[in-house]
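Peer 1: First, the structure itself, so that you have it in front of you.
The values are calculated or read from the model by the stated rules, or taken from the named source; none is laboratory data. What you are looking at is a predicted structure, and each value in this text was computed from that prediction instead of being measured. Glycine also receives a Cβ, built like all others from the backbone with ideal geometry; neighbour counts cover every protein chain displayed.
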Amino acid sequence: MRDKSLHNKGYILMEALVAMTIVAVGLLGIFSLLSRSLSLNRVVSDRYVAAYLSAEGIELVKNKIDNNVINRRAWNSGITDGDFEIDAYGNLALNRVNGSQASLLRFDNDKGSYAYAGDKVTRFRRKVNIKLLGGGDELRVRSIVSWLGRGEADFEVVLEDRFFNYWK
């Protein structure tokens with residue numbers, strides 16, 4: 001009578017190879033999922049920052065209007081049609097965009113904010129488009145933040161608000 005264990009030696013090796021293949025495929029799937037989720041995390045994080053930068057652009061124009069009213073100037077003094085860069089430093093000056101793209105924003109580590117002067121250059125560009133409407137009694141403000149994401153893909157967040165001369 002022959003020993004059965006001699007006949008099963010090849011089957012154990014095959015079972016081990018199949019089990020290792022299944023484990024390897026499972027691990028590759030997990031690593032692929034983790035890699036994809038990390039890259040999407042970057043996209044979501046960038047959109048979050050861009051949304052706040054865009055909202056800040058509109059808020060800064062509103063601050064300029066409020067500053068005009070407080071100082072008894074015309075509500076839209078210093079505000080004209082066009083594409084501008086604006087940040088919270090200085091006198092809230094609207095600087096015309098040179099060319100088709102705004103300058104890259106920088107992050108100021110000391111103040112924890114974004115501006116056109118600072119320590120670290122970021123990937124974000126903010127352009128504020130202003131259009132005078134309604135005979136000068138209405139402003140359409142469009143704040144556009146754009147950036148190059150992963151794979152050199154263009155991303156953009158656009159927010160729009162309207163301001164009216166309710167001080168007249």
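Peer 1: Please give the number of the condition residue 77 fails out of (1) over 28 Å from residue 112 (Cα atoms); (2) assigned to a helix (DSSP H, G or I); (3) among the hydroxyl-bearing types (Ser, Thr, Tyr).
Peer 2: (2)
Peer 1: Still on this model: Looking at 137, 83, can you tell me which residue is of a type in the set (D, E, K, R) and either within 19 Å of residue 53 (Cβ to Cβ) or without any contact (Cβ under 8 Å) to a residue 24 or more places away in the chain (or both)? Spell out how you get there, then give the answer.
Peer 2: On the way: 137 fails: either within 19 Å of residue 53 (Cβ to Cβ) or without any contact (Cβ under 8 Å) to a residue 24 or more places away in the chain (or both).
Just one listed residue meets the conditions, 83.
Peer 1: Return a yes/no flag: does the stretch 41-63 have any residue that is farther than 13 Å from residue 128 by Cβ, modelled with pLDDT of 85 or more, surrounded by fewer than 14 Cβ atoms within 10 Å (Cβ to Cβ) and of a type in the set (Lys, Arg).
Peer 2: Checked against the condition, which is being farther than 13 Å from residue 128 by Cβ, modelled with pLDDT of 85 or more, surrounded by fewer than 14 Cβ atoms within 10 Å (Cβ to Cβ) and of a type in the set (Lys, Arg), the stretch 41-63 yields no hits at all.
Peer 1: Select from the stretch 83-98 the residues that are surrounded by 14 or more Cβ atoms within 10 Å (Cβ to Cβ) and out of contact with any Asp or Glu (no Cβ under 7 Å at 6 or more places or on another chain) and write down the one among them that is farthest from residue 128 (Cα to Cα).
Peer 2: Here the answer is 89.
Peer 1: OK, next. Kindly provide the set of residues from the stretch 123-135 that are surrounded by 13 or more Cβ atoms within 10 Å (Cβ to Cβ) and touching a Phe, Trp or Tyr at 6+ places or on another chain (Cβ under 9 Å), ordered by number.
Peer 2: 123, 124, 125, 126, 127, 128, 129, 130
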